[in-house]
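Structure first, commentary second.
The values are calculated or read from the model by the stated rules, or taken from the named source; none is laboratory data. The shown structure was predicted, so the numbers you read here are calculated from the model rather than taken from an experiment. Glycine also receives a Cβ, built like all others from the backbone with ideal geometry; neighbour counts cover every protein chain displayed.
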Amino acid sequence: MRPRQFDLIAFDWDGTLYDSTAIIVRCIQAAVRDVGGQEPSTQQAAWVIGMGLMQALAHAAPDVPAEKYPQLGERYRHHYLAHQNDLSLFQGVLPLLADLRQRHHWLAVATGKSRRGLDETLRMVALQGVFDGSRTADETAGKPHPLMLHELMREFGVTPERTLMIGDTTHDLQMAVNAGCASVGVSYGAHDHDAFAPFQPRFVAHSVPQLRDWLLAHA
């Protein structure tokens with residue numbers, strides 16, 4: 001068998017494993033409308049996905065004053081909770097994770113979600129125990145700051161050269177660069193993959209099966 005290149009594989013969540021991009025965009029837009037801000041375009045709302053919640057909302061609604069940020073966050077959570085039962089893993093994610101676990105990679109999640117939000121979602125999709133570790137923006141730092149990856153690498157005693165970050169946004173790929181790690185992009189999430197080139201991902205997958213095939217051949 002080909003020698004393993006990466007010991008730790010860290011996945012972004014929304015737009016990479018979880019088919020949530022379109023609903024997150026609509027929830028951001030609705031939250032901004034609710035507090036009287038100018039509704040961001042679909043492209044503007046999609047661009048902030050992957051950041052920590054308040055960081056994302058501040059970018060998406062620059063005309064909303066800071067004193068309204070708590071209300072803005074509350075309205076986003078209200079709309080998201082109303083739709084969370086409509087969300088699911090991308091088809092093919094479960095076999096992909098099973099194949100990687102069988103090859104004894106450490107698997108982790110590095111996400112802009114809150115700890116509470118990630119834990120609730122993992123319970124909903126019955127993935128408790130599948131990942132060896134996880135970090136969220138509210139307990140570390142928002143992307144593209146590399147703290148999430150630094151903490152995961154320390155937890156598992158893995159060097160940057162043996163760590164791979166997989167995500168659907170430029171924030172994910174920039175975080176990998178900042179942490180000194182390799183990356184793989186996926187084009188089916190929030191950001192246009194034409195923007196990935198400056199971050200030099202090893203590969204850009206256009207579907208979960210393509211991602212699986214590349215990982216089994218090269219990771």
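Taking the stretch 45-67 as the range and being buried (at least 16 other Cβ atoms within 10 Å of the Cβ), assigned to a helix (DSSP H, G or I) and over 17 Å from the mean Cα position of the chain (by Cα) as the test, the residues that pass are ALA58, ALA60.
Whenever a residue of the stretch 52-80 is closer than 15 Å to GLY117 by Cα, its partners that are modelled with pLDDT under 90 and hydroxyl-bearing (Ser, Thr, Tyr), lying with C-beta atoms within less than 7 angstrom and at least six residues away or across chains, give the pairs LEU53/SER114. With respect to the conditions (1) β-branched (Val, Ile, Thr); (2) out of contact with any strand residue (DSSP E or B) (no Cβ under 9 Å at 6 or more places or on another chain); (3) in a loop (DSSP other than H, G, I, E, B), VAL32 lacks only one, and its number is (3). Once the stretch 118-137 is narrowed to residues that are part of a helix (DSSP H, G or I) and acidic (Asp, Glu), the residue that is farthest from ILE9 (Cα to Cα) is GLU120.
Residues that are touching a residue at least 40 places away in the same chain (Cβ under 8 Å) and assigned to a helix (DSSP H, G or I) within the stretch 2-24 comprise THR21, ILE23, ILE24, listed in sequence order. Among the residues here, LEU97 qualifies as modelled with pLDDT of 90 or more, surrounded by 19 or more Cβ atoms within 10 Å (Cβ to Cβ), aliphatic (A, V, I, L, M) and part of a helix (DSSP H, G or I). Within the stretch 170-203, the set of residues being of a type outside the set (Gly, Ala, Ser), surrounded by 24 or more Cβ atoms within 10 Å (Cβ to Cβ) and more than 21 Å from GLY133 (Cα to Cα) comprises VAL186, HIS191.
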